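The values are calculated or read from the model by the stated rules, or taken from the named source; none is laboratory data. What you see is a predicted model; the values in this text were computed from it and never measured. Reconstructed Cβ throughout: ideal geometry from the backbone, glycine too, with neighbour counts over all protein chains shown. Heavy atoms of the whole protein, side chains included, go into the accessibility calculation; ligands, DNA and RNA do not. Shrake-Rupley method; radii C 1.70, N 1.55, O 1.52, S 1.80 Å.
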Amino acid sequence: MFLLCLVEVNRMSMLQGAPWLLAHKSMLVVDRPAKVSLYGQDYVLWKDRNDNVHALPNVCPHMGAMLSEGWCEAHSDGTSTVVCPFHALEFDVAGCTVLPGTQKKTLPQMEPLELIVQGDFIWSYGGVEPLVPVPDLMRKISLDYQFVGIAGDTSVPASLLPMLLNMHDYNHQNGTHREMFRIEEVLFEAFVDKGHHSEAFMKMPKASPTRREIFKNPSVLMMPKTIEAHLENYFPSMVIFHGETAAGTIAQCHFFIPESAERTRTYALLFAQPKSPAFWLMKGAFLNLVDTVVAQDADILSKLYAESSQKIKLNNEVGIDWVRRNFESWPQVRSPNLSR
């Protein structure tokens, strides 16, 4: 009974039934296996020359080698198999192999992970029953914006709830990100609660960057004196920052994936509507800025006593309250939505 209760607690702590964006196709090199984790299970993910993406459990059914440490065998029709690094057994997308000395394909030896591929976006429910639909926002962003790149792909030793609370904490810029943004004040304007979807609007005047900060990351010069932030949130898997810079409009999309009950992966996809071709000269600096933001968030999450009780409440914690309500009532939406 204790073990069953523990399994249920872990399942709820990872909000099973939500869709998770495992990767953007640009994160995969053709015919090169990559490892991803979800709900405490490891998978090998690969993309073939036909631009099709596949996923299998990462453990070879022979002697347990990590398939992600192997390679892909390309075929003339553009398909490919993943090859175990231990005994070079090839597994096709269905999990079948051909044993040495035979010409017969085996029955499937493992169950493929079901993927939902929307354009360049690779979603998965982790093999459990879907409880909420895949949001359509990323498809819309990819139509309206140009893709810039990926930043901050990090596995953080923190469970999902502290990660989400941190990403919806509108007061931590002066602490966690003080050296990056030098925010002087958070002028919170509105929070619109739509159940598992919400939007936050705020203005944040900032001090002028120092010469040292400009040298470390020239993109700070492209940031306005007052950051006007529009945050669009889809519980539990993503936060999109919509903002204006001197170089163009950006959509900075952050994603969260429960690798296990104790670890959460996060990364960001940056999209933009550049005002001029000069934007692309600053591409690396913009991605470096996002890398730094994610690294700072990951660092503070590793230094929290996550189970401690909150005895002090600050202004503008409506995003934190929204996360707690949705987490506690998952997958239902608690009514009324108190943050309207």
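Tell me which label goes with the value of P(r) over Cα pairs in 20 Å bins from 0, in percent computed from the coordinates here: (i) 28, 54, 17, 1; (ii) 29, 61, 10, 0; (iii) 20, 26, 22, 16, 9, 5, 2, 0.
(i)
Per the Kirkwood formula on distinct C-alpha pairs, the Rh of the range 257-340 is how many angstrom?
Values: mean 1/r = 0.0600 Å⁻¹.
For the range 257-340, the Kirkwood estimate is 16.7 Å.
Go through HIS24, HIS197, HIS62 and list them by solvent-accessible area, largest first, probe radius 1.4 Å.
Numbers: HIS24 5, HIS197 30, HIS62 100 Å².
Solvent-accessible surface, decreasing: HIS62, HIS197, HIS24.
Towards the positive end of the charge dipole of the chain, with charges on Cβ (+1 Lys, Arg; -1 Asp, Glu), say which of THR154, SER329, TYR125 has the farthest Cα.
Value: THR154.
Take the alpha carbon atoms of the range 293-336, find their radius of gyration, then divide it by 2.2 N^0.38 Å using N residues; give the quotient.
For the range 293-336, the normalised Cα radius of gyration comes out at 1.43.
Points 7 angstrom from Cα along the Cβ direction at ARG212 and LEU143: gap in nanometres?
Those two pseudo-labels are separated by 4.7 nm.
Which order do you get for VAL53, VAL59 if you rank them by accessible area with a 1.4 Å probe, largest at the top?
The ranking, largest first, comes out as VAL59, VAL53.
Based on the Kirkwood radius over alpha-carbon pairs, what is the Stokes-Einstein translational diffusion coefficient of the range 88-144 at 37 °C with 0.692 mPa s viscosity, in µm²/s?
Taking Rh from Cα pairs, D becomes 229 µm²/s.
If one computes P(r) from the Cα atoms of the range 148-198, what percent of pairs lie at distances over 18 Å?
Roughly 54 percent, once rounded to a whole number.
Using the reciprocal of the averaged 1/r over all distinct C-alpha pairs, how large is the Kirkwood radius of the range 31-133 in Å?
14.1 Å
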